[in-house]
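Notes follow the structure.
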C-alpha cells in the first residue's frame, strides 16, 4: 500500500477539486492524483531538462550541492563563509 502524504492547496483550488470530484463521482484524491500525473506527463521534457541542468552543475562537492539547492553561486556561498576544505 502506498504511503499517503497530505498536500496543501489554496481554497479556490480545493473548491475546484471538490466540485470536479462531486460531478465526476470520484474521490478528491483521485482527481488530484490524475491531475498531477497528467501535468507531469505534459511537462516531462521540461522536467528532464531541469534535472540534466542540475546534474551538470554537481561536481561532488558540498558547495555544488548547496548551490544547486539554494540557487546561490559559489561566490555568494564564499561571501557567506564558504565551506572548510
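Every number here is computed from the coordinates shown, using simple stated rules; none is lab data. None of these values were measured; they are calculated from a predicted model. All Cβ positions, glycine included, derive from the backbone under ideal geometry; neighbour counts span all protein chains shown.
Before moving on, here are some points about what is shown:
- Cβ crowding within 10 Å averaged over residues, with 75-81, 63-69 ranked highest first: 63-69, 75-81
- Sorting the segments 42-52, 16-26 by their residues' average number of neighbouring beta-carbon atoms within 10 angstrom, most packed first, yields 16-26, 42-52.
- Altogether, the Stokes-Einstein calculation at 25 °C and 0.890 mPa s, with the Kirkwood radius of segment 45-85 over Cα pairs as Rh, returns a diffusion coefficient of 227 µm²/s.
- Surface/4 of the Cα convex hull for the chain, nm²: 9.2
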